[in-house]
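Below is one structure, written out as structure tokens, with a few remarks after it.
The values are calculated or read from the model by the stated rules, or taken from the named source; none is laboratory data. Source: prediction; values computed, not measured. Note: ideal-geometry Cβ built from the backbone for every residue, glycine included; neighbour counts use all protein chains shown.
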Amino acid sequence: MEDAPVWFISLACLGAVYVAALCARPLAYLALCLRRPKDLLRCYGSWAVVTGPTSGLGRSMAMELARRGLNLVLLDLDAANLQETSAAIKALHAVKVKTVVLDLSLVATPQGDEAIRRLREAMEGLDLGLLVNNAAVNTPGAVYLHEADIERFVRMIRINLWGLTEVTAAVLPRMLERGRGAIVNVGSGSTVAVPSFPLYTVYSSTKKYVAQFSRSLYVEYKSKGIDVQYQVPFYVHTRMLSSAVKAKLRPWFVATADEYTRTAARWIGNGPLCVPGAAQKLQWCLTGFVPDWAHDWYRIRLHLQHRAVTRAGRRAAVTPGDGSSPRGQVITVGNSGGPKVMAG
Ligand SMILES: NC(=O)c1ccc[n+]([C@@H]2O[C@H](COP(=O)([O-])OP(=O)(O)OC[C@H]3O[C@@H](n4cnc5c(N)ncnc54)[C@H](OP(=O)(O)O)[C@@H]3O)[C@@H](O)[C@H]2O)c1
């Protein structure tokens with residue numbers, strides 16, 4: 001080694017630094033995996049706000065938090081669904097539940113402002129420790145941008161991005177007052193595992209916003225006692241996945257909502273980013289080995305298949321001869337009522 005030329009030693013050092021940098025991330029993540037889950041009640045407070053708690057991951061997360069003894073403020077767009085969810089939680093767990101009707105697509109309108117005012121009122125005087133921004137929609141999906149009604153994309157943006165921002169801004173002052181809290185923003189595997197998500201472009205772009213929003217808030221509020229985390233589900237069995245897509249997925253890669261949220265709740269407060277669940281982590285890890293061009297090639301092919309299924313479903317859903325859709329008419333893809341296709 002003593003006789004080795006300088007260029008060789010320099011290259012070896014550079015290589016060693018590169019390998020160390022590559023290993024640092026997974027090792028830091030592994031260290032986080034080994035951490036004990038936080039006692040949410042003791043670390044943050046006795047109340048949690050959950051958006052979109054009436055189905056899928058949100059419902060499951062609300063149940064999990066109630067199981068851990070947290071009281072809940074549930075926020076969703078349908079009063080009857082909220083009542084049903086609240087009753088189901090109280091039947092199983094001895095916690096208090098408040099409900100606030102808020103259609104997130106109406107934020108920054110007079111009705112939305114009124115609902116945000118009711119949310120602030122509902123949080124008054126509570127020992128509020130946790131916010132789970134879970135609500136989102138993924139329709140229109142499996143469409144080219146020019147194919148769907150732009151108003152529906154605007155609605156998606158309002159719910160997934162604008163609504164989440166307003167709810168967070170409404171909750172933060174409560175946490176700042178007490179100098180502690182945790183915010184969980186539910187994202188999507190499309191933002192961390194693949195370089196593109198064609199035909200679900202607007203959905204994955206809204207989630208990319210949530211990723212950046214979360215990471216910057218993490219840095220902004222860390223010193224103020226507030227932990228912000230971006231949680232990334234890959235495939236989870238909920239209403240958001242169509243049965244056609246579920247049938248194509250490998251079952252061991254698809255978690256149930258309860259499996260997912262049990263792990264997700266254990267991660268709260270541990271780091272800025274988490275992909276809960278071993279199978280989901282494995283998918284994340286494996287996608288890292290695939291070059292971007294291969295991802296792009298595969299994604300557009302897969303999502304064009306989704307598009308074909310969606311269009312076929314829509315055609316089948318229109319009864320011939322009812323006057324509403326003459327034979328051969330092109331049905332607008334992406335309008336509500338048709339079969340839903342996934343967006344991870
Ligand atoms: N399932 C997956 O494989 C998967 C993968 C990646 C990411 N995610 C993310 O996980 C989160 C939960 O999704 P999910 O699979 O559980 O979907 P879901 O079953 O469709 O649940 C969505 C929830 O959001 C609520 N919501 C929809 N529009 C709303 C609005 N305008 N205002 C207020 N609430 C509204 C829904 O209320 P209603 O029931 O009243 O409509 C429902 O409670 C989302 O952020 C999604 O992007 C899911």
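How many residues are at pLDDT 50 or above and either surrounded by 14 or more Cβ atoms within 10 Å (Cβ to Cβ) or basic (K, R) (or both) when one looks only at the stretch 314-343? Steps first, please.
We begin by selecting, within the stretch 314-343, every residue at pLDDT 50 or above; these are 314-320.
Subset that is either surrounded by 14 or more Cβ atoms within 10 Å (Cβ to Cβ) or basic (K, R) (or both): 314-315, 318.
Residues meeting the conditions: 3.
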**Message:** I need the full set of residues from the stretch 34-75 which are within 15 Å of the ligand (Cβ to nearest atom), part of a loop (DSSP other than H, G, I, E, B) and of a type in the set (S, T, N, Q), in order please.
**Reply:** T54, S55
**Message:** With the requirement that a residue be within 14 Å of the ligand (Cβ to nearest atom) and of a type in the set (A, V, I, L, M, F, W, C), what does the stretch 221-240 give you?
**Reply:** V232, F234, V236, M240
**Fill in**
Exactly one of T201, T206 is surrounded by fewer than 20 Cβ atoms within 10 Å (Cβ to Cβ) and within 17 Å of the chain's Cα centre (by Cα), and that residue is T201
**Asked** What number of residues in the stretch 101-138 are in contact (Cβ under 8 Å) with a residue 12 or more places away in the chain, within 12 Å of the ligand (Cβ to nearest atom) and more than 24 Å from S214 (Cα to Cα)?
**Response** 1
**Fill in**
Over the stretch 172-203, the set of residues more than 10 Å from the ligand (Cβ to nearest atom) and over 30 Å from E124 (Cα atoms) is V192, A193, V194, P195, S196, F197, P198, L199, Y200, T201, V202
**Message:** Quick check on the stretch 182-193. Is at least one of its residues over 16 Å from the mean Cα position of the chain (by Cα), within 21 Å of I159 (Cβ to Cβ) and buried (at least 18 other Cβ atoms within 10 Å of the Cβ)?
**Reply:** no
**Request:** Select from the stretch 85-110 the residues that are assigned to a helix (DSSP H, G or I) and surrounded by 12 or more Cβ atoms within 10 Å (Cβ to Cβ) and list them in ascending order.
**Result:** T85, S86, A88, I89, K90, L104, S105, L106
**Message:** Can you find a residue that is buried (at least 17 other Cβ atoms within 10 Å of the Cβ), of a type in the set (V, I, T), assigned to a helix (DSSP H, G or I) and touching a Gly at 6+ places or on another chain (Cβ under 6 Å) anywhere in the stretch 300-313?
**Reply:** no
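Results for (1) more than 18 Å from the chain's Cα centre (by Cα); (2) surrounded by fewer than 23 Cβ atoms within 10 Å (Cβ to Cβ), shown as yes or no for each residue.
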site: T165; (1), (2): no, yes
site: P173; (1), (2): yes, yes
site: P233; (1), (2): no, no
site: F253; (1), (2): no, yes
site: Y260; (1), (2): no, no
**Asked** Here is a list of conditions, (1) without any contact (Cβ under 8 Å) to a residue 24 or more places away in the chain; (2) in a loop (DSSP other than H, G, I, E, B); (3) farther than 27 Å from G179 by Cα, and A80 meets all of them except one; can you say which number that is?
**Response** (2)
**Request:** Taking the options S55, S46, name whichever one is within 26 Å of W284 (Cα to Cα), polar (S, T, N, Q), touching a residue at least 60 places away in the same chain (Cβ under 8 Å) and surrounded by 11 or more Cβ atoms within 10 Å (Cβ to Cβ).
**Result:** S55
**Residues located in the stretch 139-160, provided they are away from the ligand (no atom under 11 Å from the Cβ) and assigned to a helix (DSSP H, G or I)** = L145, H146, E147, I150, E151, R152, F153, V154, I157
